[in-house]
Amino acid sequence: MAVIKPFVCVRPEEGVVSQVAALPYDVYNREEAKKEVAGKPLSFLNIDRAETQFDDSVDTYAPEVYQKAKELLEKEIADGTFLTDEEQAYYVYELTMNGRAQTGIVACASIDDYLNNVIKKHENTLAAKEQDRITHVDTTSAQTGPIFLAYRANAVINEKVNAAKEKKAIYDFISEDGIRHAVWKINEKESVEAIANAFASIDQIYIADGHHRAASAVKVGLKRRSENPGFSGKEEFNFFLSVLFPDEQLMIMDYNRVVKDLNGLSSEEFMEKVSEKFTITPSDTQAKPAKKGEVGMFLDGKWYLLTVKEAFTSTDPVDGLDVAVLQNEVLTPILGIGDPKTDKRIDFIGGIRGLNELERRVKEDMKVAFAMYPTSIAELFAVADAGRLMPPKSTWFEPKLRSGIFIHRI
């Protein structure tokens, strides 16, 4: 059973929420983050990436950077930029992009559920990336970027979410990128209990996005347990901020690949090797895959649709993924890319940027591009249920959850 609890939320005053809400900290490098916060004193990115408050001589991970984040957060709570709700509540968070809405519940998940694999993972995490958020959460005593969780849809939760949306939203704004964000509060005792009980009947919840944030929150919780040996398990550090979406509402976008060269092969030699494993069909238009087993390829100014031959498909939850088939049958044996996490010859492009971006990169600094069919949420669940890991860059979720709308103090 999953423990998904209401919490006392620290959140922006309604009049400034659109100025506060920011894309996740890891969307930007340091230079981009600095540009993004210029002229935006209330952007939460100032707190999430507090190195933006210093000149470049100060290390991104210097202790004073995290102290600055704490100082800014405390100042904005004190001056009324952020309010602290009086009671524990759930929140409904709806994001609408291009006319398509997805609606989740903002709540706190249990670090024990993470440790006991009730909350399932499909990616490895890197210690260096974890350490930054561990220090940020521990120094500020706050979780500021929610973890994106998914679960199999539940009728009771759907009913309570729909009922909440009949009320007046506490926030309703459109961010600079055109995404509409609307939030409702659920604090009625009967609804809160019904939602908590419904989640308690669910024994499998999945991290969709935010593996590093989740791992960092859990490690801070474990650190605080060791510092407080008499802990009861009910302290806020035992839980981490999340937004939970039913599987039926989620859309995973394609995560595409571009490669710098053909590993010493001519285009003809390369095509010949690919044709052993895929049927190659020339396309007069951009070859966007329409179903699993198809890959679009852009080479020498032309598009082709690749359809994997049956002998190279697999029923294995990992090896059967389109991204794995491409890796195992083309990228590794033909193009010589053994580890896509570290090989500098490959780059990854989120589907939000479209196939025009693949064409641009091939014309500019790459040789060949591959347009993927999106991994499905069912495939993600199957990999996690098998206790396996997905290949790198298998999923791209849109729209991105904003940081700064919901804060969980620990």
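Since every read-out is calculated from the coordinates, none of them should be taken as a lab result. Computed from a predicted structure; not experimentally measured. Please note: Cβ atoms are built from the backbone with ideal geometry, for glycine as well, and neighbour counts cover all protein chains shown.
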Using a 10 angstrom cutoff on alpha carbons, build the Gaussian network for the chain and name the most mobile of 386, 150, 371.
386
Which of these, 176, 357, 36, has the largest mean-square fluctuation under a Gaussian network model of the chain (Cα springs below 10 Å)?
176
Which of the lysines could be linked to residue 363 by a straight reach, that is with a Cα gap under 20 Å, when you skip same-chain ones fewer than 8 residues away?
260, 288, 302, 344
Of the beta bridges DSSP finds with both residues in the chain, what % are antiparallel, to the nearest 5?
90
Measure out, as a whole number of angstrom, how far apart the alpha-carbon centroids of region 139-168 and region 184-236 sit.
12
Placed amide H near residue 170: partners under 5 Å, 5+ positions off or other chain
183, 184, 185
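Once Rh for region 284-326 is found with the Kirkwood sum over Cα pairs, what is the Stokes-Einstein diffusion coefficient at 25 °C and 0.890 mPa s, in µm²/s? Intermediate values should be presented prior to the final figure.
Details: Rh = 11.2 Å.
Translational D for this selection: 220 µm²/s.
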Backbone HN-Hα couplings from phi across region 173-189 [Karplus 6.51/-1.76/1.60, Hz, Gly and Pro as x]
8, 10, 7, 4, 8, x, 7, 8, 10, 10, 9, 10, 9, 10, 10, 5, 3
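Which value, in Å to one decimal place, does the Kirkwood hydrodynamic radius take for region 255-373 when every pair of different Cα atoms is included?
On the way: mean 1/r = 0.0706 Å⁻¹.
For region 255-373, the Kirkwood estimate is 14.2 Å.
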Mean residue ellipticity at 222 nm from the helices of the chain, using -39,500 (n - 2.57) per DSSP H segment of n ≥ 4 over the full residue count, to the nearest 500 deg cm²/dmol?
-8500 deg cm²/dmol
Name the residues whose placed amide hydrogens come within less than 5 Å of the amide hydrogen of residue 13, ignoring near sequence neighbours (fewer than 5 apart) on the same chain.
82, 83
Dividing the surface of the Cα convex hull of region 241-314 by four yields a projected area in nm² of 8.0
Check each of the chymotrypsin sites (Phe, Trp or Tyr not before Pro) in region 136-213 and keep only those in coil by DSSP with at most 11 other C-beta atoms within 10 angstrom; list them in order.
none
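Order these by the 10 Å Cβ neighbour count, fewest first: 211, 408.
Numbers: 211 19, 408 24.
Placing the least packed residue first, the sequence is 211, 408.
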Could you state the orientation-averaged shadow area of the convex hull built on the Cα atoms of the chain, in nm² to one decimal?
21.3
Tilt, helix 211-227 to longest principal axis of the chain (alpha-carbon atoms), in degrees rounded to tens, equals 40
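Taking 0.36 nm per residue of separation and subtracting the Cα-Cα distance, what length does fully extending residue 300 through residue 315 add?
Details: separation 15, 0.36 × 15 = 5.40 nm, distance 3.33 nm.
Gain on extension, residue 300 to residue 315, equals 2.1 nm.
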Rounded to the nearest Å, what's the spacing between the alpha carbon centres of region 61-106 and region 315-372? Just the number, please.
35
Starting from the amide H of residue 239, placed 1.01 Å from N in the peptide plane, find each other amide H under 5 Å away whose residue is 5 or more places distant or on another chain.
111
What angle, in degrees between 0 and 90 and rounded to the nearest 10, separates the Cα long axis of helix 354-364 from the longest principal axis of the Cα atoms of the chain?
60
Whole-Hz ³J(HN,Hα) from phi, Karplus 6.51 cos²θ - 1.76 cosθ + 1.60, for region 241-257, glycine and proline x:
5, 9, 10, 10, 10, x, 4, 5, 9, 8, 10, 9, 8, 5, 10, 9, 10
